[in-house]
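Participant: Below are the structure tokens for one structure; questions will follow.
Every read-out reported here was derived from the displayed coordinates using simple, explicitly stated rules and does not represent laboratory data. Because the structure is predicted, anything quoted here is derived from the model rather than measured. We place every Cβ from the backbone using ideal geometry, glycine too, and count neighbours over all the protein chains shown.
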Amino acid sequence: MRLVLLGPPGAGKGTQAQRLQEELKAPQIASGDLLRAAVRNKTSLGLEAKRYMDQGTLVPDELVLKLIEERLRDPDAARGFILDGFPRTLAQAEALHEMLERNGQGLDLVVALIVPEQEIIKRISGRRTCKNCGAMYHTIFDPPRNVGLCNKCNGELYQRDDDAEDTVKMRLEVYDTQTRPLLNYYQDRGLLKRIDGVGSLEDIYHRIKSAIEEVSTKGGCAQKP
Ligand code: AP5
Ligand code: MG
């Protein structure tokens with residue numbers, strides 16, 4: 001299954017992608033996580049990307065495409081993947097299409113998580129992430145068993161730098177102008193499934209699974225040119 005999870009910041013893309021990995025036996029490939037790792041490792045790409053991430057604007061396409069193209073070449077992505085946070089611009093969507101087409105592949109499904117802005121703000125303000133394994137929590141909606149510590153590895157939980165209020169506002173604006181057009185792009189290609197992203201983590205997981213099952217029983221749907 002080659003799946004894309006689309007949605008605004010805080011929509012639950014990462015949360016659901018982490019859960020779906022096991023079910024689909026396919027890795028989560030999150031452009032934000034790849035970029036944050038590059039920043040942590042102080043690579044030249046990471047140092048350049050940081051300027052944009054700190055402001056809540058998009059990292060230039062060529063930098064993101066380089067990371068994604070490399071990651072998609074890893075053996076674990078050969079039979080499928082869950083893209084989280086990528087593509088984010090029409091140019092990225094076109095580049096992804098070309099990357100896959102070169103191997104005679106296409107996307108099977110694009111899930112758009114629909115979540116209103118008020119809910120997004122609540123989610124982002126309470127998000128906590130494990131420094132060690134990247135597992136995600138929410139102080140109210142999905143709290144860890146021990147405050148500040150990861151259930152899975154006991155790692156320390158932290159709040160992302162770009163979750164400050166002004167940066168979140170900018171990320172939402174950027175989503176509206178640069179990423180929302182992808183909904184029509186994928187709708188026109190018969191790949192889009194809009195899913196109500198409000199509800200329990202479990203409910204949303206089942207909604208996405210149903211959409212995947214629908215596509216799988218139809219025998220997948222190849223991306224039209
Ligand atoms: P990125 O890391 O991709 O961030 P984002 O898209 O802004 O999305 P988030 O990770 O904030 O939200 P999410 O949808 O994953 O929600 P989550 O599951 O965590 O990008 C960061 C930056 O990197 C960008 O601003 C840009 O600079 C750069 N970048 C990344 N990709 C790029 C690209 N392709 N091109 C250019 N630049 C790029 O959930 C949020 C919280 O809500 C969690 O606490 C969770 O526990 C909670 N939650 C989840 N589901 C529910 C629910 N159903 N009910 C209640 N709470 C819930
Ligand atoms: Mg995320």
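Participant: Has the stretch 8-18 got any residue that is more than 6 Å from ligand 1 (Cβ to nearest atom) and among the hydrophobic types (A, V, I, L, M, F, W, C)?
Facilitator: yes
Participant: Among residues belonging to the stretch 100-123 that are among the charged types (D, E, K, R) and farther than 19 Å from TYR205 by Cα, point out the one that is surrounded by the fewest Cβ atoms within 10 Å (Cβ to Cβ).
Facilitator: Within the stretch 100-123, the match that is surrounded by the fewest Cβ atoms within 10 Å (Cβ to Cβ) is ARG102.
Participant: Considering the stretch 73-85 alone, what residues qualify as being out of contact with any strand residue (DSSP E or B) (no Cβ under 7 Å at 6 or more places or on another chain) and either outside any loop (DSSP other than H, G, I, E, B) or closer than 17 Å to ALA37 by Cα (or both)?
Facilitator: Within the stretch 73-85, ASP74, PRO75, ASP76 qualify.
Participant: Does at least one position in the stretch 19-29 carry a residue that is in contact (Cβ under 8 Å) with a residue 12 or more places away in the chain, under 11 Å from PHE86 (Cβ atoms) and within 9 Å of ligand 2 (Cβ to nearest atom)?
Facilitator: Within the stretch 19-29, none of the residues are in contact (Cβ under 8 Å) with a residue 12 or more places away in the chain, under 11 Å from PHE86 (Cβ atoms) and within 9 Å of ligand 2 (Cβ to nearest atom).
Participant: Return yes when GLU213 is over 23 Å from ARG88 (Cα atoms), touching a strand residue (DSSP E or B) at 6+ places or on another chain (Cβ under 8 Å), surrounded by fewer than 14 Cβ atoms within 10 Å (Cβ to Cβ) and of a type in the set (D, E, K, R) and no when it is not.
Facilitator: The answer is no for GLU213.
Participant: Would you kindly identify the helices (runs of 4 or more DSSP H) lying entirely within the stretch 130-225 that contain at least 3 residues that are within 11 Å of ligand 1 (Cβ to nearest atom) and not acidic (Asp, Glu)?
Facilitator: 165-174, 201-217
Participant: For the stretch 131-143, check the following and say yes or no: at least one residue is of a type in the set (A, V, I, L, M, F, W, C), away from ligand 2 (no atom under 16 Å from the Cβ) and farther than 20 Å from LYS13 by Cβ. Walk me through how you get there before you give the answer.
Facilitator: Taking the stretch 131-143 first, the residues of a type in the set (A, V, I, L, M, F, W, C) are 133, 135-136, 140-141.
Keeping just the survivors that are away from ligand 2 (no atom under 16 Å from the Cβ) gives 140.
So of that shortlist, the ones also farther than 20 Å from LYS13 by Cβ come out as none.
No: the stretch 131-143 contains no residue that is of a type in the set (A, V, I, L, M, F, W, C), away from ligand 2 (no atom under 16 Å from the Cβ) and farther than 20 Å from LYS13 by Cβ.
Participant: Does ASN103 qualify as being more than 16 Å from ligand 2 (Cβ to nearest atom), without any contact (Cβ under 8 Å) to a residue 40 or more places away in the chain, among the polar types (S, T, N, Q) and over 19 Å from GLY14 (Cα atoms)?
Facilitator: Numbers: more than 16 Å from ligand 2 (Cβ to nearest atom): yes; without any contact (Cβ under 8 Å) to a residue 40 or more places away in the chain: yes; among the polar types (S, T, N, Q): yes; over 19 Å from GLY14 (Cα atoms): yes.
Yes; evaluated as a whole, the condition is true for this residue.
Participant: One residue is enough: does the stretch 124-147 have a residue meeting the conditions small (Gly, Ala, Ser), surrounded by fewer than 16 Cβ atoms within 10 Å (Cβ to Cβ) and in contact with a Lys or Arg (Cβ under 9 Å, 6 or more places away or on another chain)? Before you say what the answer is, go through the steps one by one.
Facilitator: Taking the stretch 124-147 first, the residues small (Gly, Ala, Ser) are 125-126, 134-135.
Right, trim to surrounded by fewer than 16 Cβ atoms within 10 Å (Cβ to Cβ) and you get none.
For the stretch 124-147, residues small (Gly, Ala, Ser), surrounded by fewer than 16 Cβ atoms within 10 Å (Cβ to Cβ) and in contact with a Lys or Arg (Cβ under 9 Å, 6 or more places away or on another chain): absent.
Participant: Looking at the stretch 111-129, which of the residues that are of a type in the set (A, V, I, L, M) and not in a strand (DSSP E or B) is farthest from ligand 2 (Cβ to nearest atom)? Steps first, please.
Facilitator: Narrowing the stretch 111-129 to residues of a type in the set (A, V, I, L, M): 111-115, 120-121, 124.
Checking the rest, the ones that are also not in a strand (DSSP E or B) come to 115, 120-121, 124.
On the way: VAL115: 13, ILE120: 12, ILE121: 15, ILE124: 10 Å.
So, considering only residues that are of a type in the set (A, V, I, L, M) and not in a strand (DSSP E or B), the one farthest from ligand 2 (Cβ to nearest atom) is ILE121.
Participant: Is there a residue in the stretch 95-110 that is assigned to a strand (DSSP E or B), of a type outside the set (Gly, Ala, Ser) and out of contact with any Cys (no Cβ under 6 Å at 6 or more places or on another chain)?
Facilitator: Yes, the conditions are met somewhere in the stretch 95-110.
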